Amino acid sequence: MPSQDAALKAEICRLIDARRDEFIDLLRGFLRIRSVNPPGDMREAAGFVRGILDRYGVPHRTLAARDDMPNIVGRWDAAAPGRHLVLNGHMDVFPANGEKLWAADIEGDRIVARGASDMKTGTLASILAYCLLHPYRDQLHGALTLTVVSDEQSGGRYGTKYLFDEHEDVVTGDCCLNGEPTGLDTLRFMEKGTLRFSLGATSIGGHGGYPHRAPNPIQQITAAVHTIYQRFHRKLADLPPEYDAILTSPESIAAADRSLGVGAADNARRITVNAGIIQGGRKATQIPTECTVHMDMRFPVGVDRNAIRAELAEIAAEFGVTLTVNEDHSYPASSTDPNGEMATILRRNIKELTGNDAPPVCSLGGTDGRYWRWRGIPTVICGPSNLSMGSDSEYVTLDEAIAVMKLHALCAAEYLSRAG
């Protein structure tokens, strides 16, 4: 960021520090909204977001394919021409066991709540960056767009995908900053792709002592699953050499294992398989009439997803089971230049704010950032720690929440400080 704009960065940090308690309370209010997907009704959460935007007097509108899954989109233009930055976050969260995670209580140095990590902290950071920078638009260039979406947890058909399908000119931009959980000590430059699918088998059933009378669907399914694991699970991918060099560098390995758990750096370079749900049978002495397994495969850049899909079809045929691919949850891997402008801006601001170096690593989960990356638009992710997301003890520390808020505003201000 040019030295003459350092004052704006300092002002942003002072402003957020001065309103720390207010913004923590705002986050807790957001976290108390039960915006669970499924079923995916985001109307209360969307009303909360609109309320914030209205209080700040910033432009916004609602774009929706379904009434219960609204998407909030806003844009303001700076005084001078320049690039178009898009901020992206989602409102929907995983289901929660019990009531504890809806209280959003402060326990010591952290807020324990569903969505604290994934991803209401990051989404609120985007909202606040959009609002707090609005009064400074006479010092900036280009345009800032905010996209707060529904349906990310179920694939994005009614959220970001809908916006690109029906309103591409509104959300495309020149760069995207997303607040999904990352931790503040890594730069996520790549996300694995997925194949989400189910295998099914049926039979006329019968008595368990008469296996000669009917095939057993559970046996068919487990045999097919075993073959899939043997063939694909933890198979090393054929990564582009430049990406393999990044992911095998000592700094990337250390950062990935620290941020994602020991073994993450190795898994980032491999295909992984997970059989998540298996259903079938009613009694141990009966041949079941049906069995279904729901599975998830993840793979890095460089893997031929269509070739894997063809092999899965061959395995299904071999064992006499049906293969059904969940298209909404199946997509290619994506990546962005880890040395690109916004990646460099984010890494520098993390260093200045936290002292962390934030080496480039691969995300093991997916984000809506892929929709921009697929179009060649640089996209980086910045959010709180990912280690507790989806768990019964999901949390964000208070300091981390404030740091994420600062980083979104600082990175947006720095990117928009240049004419292009």
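Tally time: how many residues in segment 293-319 are touching a strand residue (DSSP E or B) at 6+ places or on another chain (Cβ under 7 Å), open to solvent by 40 Å² or more (accessible area, probe 1.4 Å) and under 19 Å from Ala201 (Cα atoms)?
3
For segment 164-176, does any single residue satisfy the condition of being under 15 Å from the mean Cα position of the chain (by Cα) and either within 30 Å of Gln286 (Cα to Cα) or crowded, with 24+ Cβ neighbours inside 10 Å (or both)?
yes
Can you list the strands (runs of 3 or more DSSP E) lying wholly within segment 340-420 that have 3 or more residues being closer than 25 Å to Leu247 by Cβ?
Of the strands (runs of 3 or more DSSP E) lying wholly inside segment 340-420, those with at least 3 residues that are closer than 25 Å to Leu247 by Cβ span 360-363, 379-381.
Hey, any hits in segment 12-19 for a residue that's open to solvent by less than 10 Å² (accessible area, probe 1.4 Å), in contact with a strand residue (DSSP E or B) (Cβ under 9 Å, 6 or more places away or on another chain) and either among the hydrophobic types (A, V, I, L, M, F, W, C) or assigned to a helix (DSSP H, G or I) (or both)?
Scanning segment 12-19, I find no residue that is open to solvent by less than 10 Å² (accessible area, probe 1.4 Å), in contact with a strand residue (DSSP E or B) (Cβ under 9 Å, 6 or more places away or on another chain) and either among the hydrophobic types (A, V, I, L, M, F, W, C) or assigned to a helix (DSSP H, G or I) (or both), so the answer is no.
Is there a residue in segment 125-143 that is open to solvent by less than 10 Å² (accessible area, probe 1.4 Å) and aromatic (Phe, Trp, Tyr)?
Taking every residue of segment 125-143 in turn, at least one turns out to be open to solvent by less than 10 Å² (accessible area, probe 1.4 Å) and aromatic (Phe, Trp, Tyr).
Regarding Arg32, is this residue over 22 Å from the mean Cα position of the chain (by Cα), farther than 22 Å from Tyr158 by Cβ and of a type in the set (Lys, Arg)?
In short, no.
Condition test on Arg55, is it at pLDDT 95 or above and within 21 Å of Ser417 (Cβ to Cβ)?
The answer is no for Arg55.
Please identify the pairs in which a residue from segment 371-399 that is farther than 12 Å from Ala116 by Cβ has its Cβ atom under 6 Å from the Cβ atom of a residue that is open to solvent by 10 Å² or more (accessible area, probe 1.4 Å) and in a helix (DSSP H, G or I), counting only partners at least 6 apart or on another chain.
Within 6 Å, the pairs are Thr379/Arg373.
Looking at segment 256-285, which of its residues are open to solvent by less than 40 Å² (accessible area, probe 1.4 Å), farther than 27 Å from Leu312 by Cβ and part of a loop (DSSP other than H, G, I, E, B)?
Listed by number, the list holds a single entry, Gly261.
Take the conditions open to solvent by 10 Å² or more (accessible area, probe 1.4 Å) and closer than 28 Å to Ser330 by Cα and apply them to Gln153. Does it pass?
yes
List, please: which pairs have Cβ atoms under 6 Å, are six or more places apart or on different chains, and start with a residue in segment 42-57 that is touching a residue at least 60 places away in the same chain (Cβ under 8 Å) and under 16 Å from Pro135 (Cβ atoms) and end with one that is surrounded by 12 or more Cβ atoms within 10 Å (Cβ to Cβ) and of a type outside the set (Lys, Arg)?
These pairs meet every condition: Ile52/Ile127; Leu53/His60; Tyr56/Cys131.
Within segment 323-355, count every residue that is farther than 20 Å from Arg305 by Cβ and touching a residue at least 12 places away in the same chain (Cβ under 8 Å).
We begin by selecting, within segment 323-355, every residue farther than 20 Å from Arg305 by Cβ; these are 337-355.
Then drop every residue that is not touching a residue at least 12 places away in the same chain (Cβ under 8 Å), which leaves 337-338, 340-343, 345-347, 349-350, 353-354.
Summing the residues that are farther than 20 Å from Arg305 by Cβ and touching a residue at least 12 places away in the same chain (Cβ under 8 Å) in segment 323-355 gives 13.
Restricting attention to segment 23-41, and to residues there that are in contact (Cβ under 8 Å) with a residue 60 or more places away in the chain and charged (D, E, K, R), which single residue is most open to solvent (accessible area, probe 1.4 Å)?
Arg34
Go through segment 329-339 and count every residue that is under 19 Å from the mean Cα position of the chain (by Cα) and in a loop (DSSP other than H, G, I, E, B).
Count: 6.
Taking the residues in segment 57-81 that are of a type in the set (Lys, Arg) and touching a Gly at 6+ places or on another chain (Cβ under 9 Å) as candidates, determine which candidate is least open to solvent (accessible area, probe 1.4 Å).
Step one: filter segment 57-81 for residues of a type in the set (Lys, Arg), giving 61, 66, 75.
Filter again for touching a Gly at 6+ places or on another chain (Cβ under 9 Å), leaving 61, 66.
Working: Arg61: 120, Arg66: 81 Å².
Of everything passing the filter in segment 57-81, Arg66 is least open to solvent (accessible area, probe 1.4 Å).
What residue, of Arg50, Arg55, Arg28, is touching a His at 6+ places or on another chain (Cβ under 9 Å), part of a helix (DSSP H, G or I) and charged (D, E, K, R)?
Of the residues listed, the single one that is touching a His at 6+ places or on another chain (Cβ under 9 Å), part of a helix (DSSP H, G or I) and charged (D, E, K, R) is Arg50.
Is it the case that Thr194 is closer than 16 Å to Cys362 by Cβ and touching a Ser or Thr at 6+ places or on another chain (Cβ under 6 Å)?
Values: closer than 16 Å to Cys362 by Cβ: yes; touching a Ser or Thr at 6+ places or on another chain (Cβ under 6 Å): yes.
Yes.
What pairs come up if the first residue lies in segment 85-96 and is within 13 Å of Val73 (Cβ to Cβ) and of a type in the set (A, V, I, L, M, F, W, C), the second is in a strand (DSSP E or B) and open to solvent by less than 10 Å² (accessible area, probe 1.4 Å), and their beta carbons are under 6 Å apart, counting only those six or more places apart or on different chains?
Val86/Thr145; Val86/Cys176; Leu87/Leu146; Leu87/Leu177
Looking for whichever is over 22 Å from Val170 (Cα atoms) and either modelled with pLDDT under 95 or aromatic (Phe, Trp, Tyr) (or both) here; the options are Ser117, Ser154. Which one fits?
Ser154
Answer yes if at least one residue in segment 381-400 is buried (at least 22 other Cβ atoms within 10 Å of the Cβ) and over 22 Å from Gly261 (Cβ atoms), and no otherwise.
No, that holds for no residue.
Hey, can you tell me all the residues within segment 218-255 that are in a loop (DSSP other than H, G, I, E, B), open to solvent by less than 40 Å² (accessible area, probe 1.4 Å) and within 22 Å of Asp185 (Cα to Cα)? Full working, then the answer.
Looking only at segment 218-255, we keep the residues that are in a loop (DSSP other than H, G, I, E, B), and these are 233-235, 237-240, 248-249.
Checking which are open to solvent by less than 40 Å² (accessible area, probe 1.4 Å) leaves us with 237, 239-240, 249.
Residue satisfying the conditions is Ser249 alone.
The values are calculated or read from the model by the stated rules, or taken from the named source; none is laboratory data. Model, not experiment: these values are computed from the prediction. Every residue, glycine among them, receives a Cβ derived from its backbone with ideal geometry; neighbour counts consider all protein chains shown. For the accessible areas, the whole protein counts, side chains as well, though only heavy atoms, and no ligand, DNA or RNA atoms are used. Shrake-Rupley method; radii C 1.70, N 1.55, O 1.52, S 1.80 Å.
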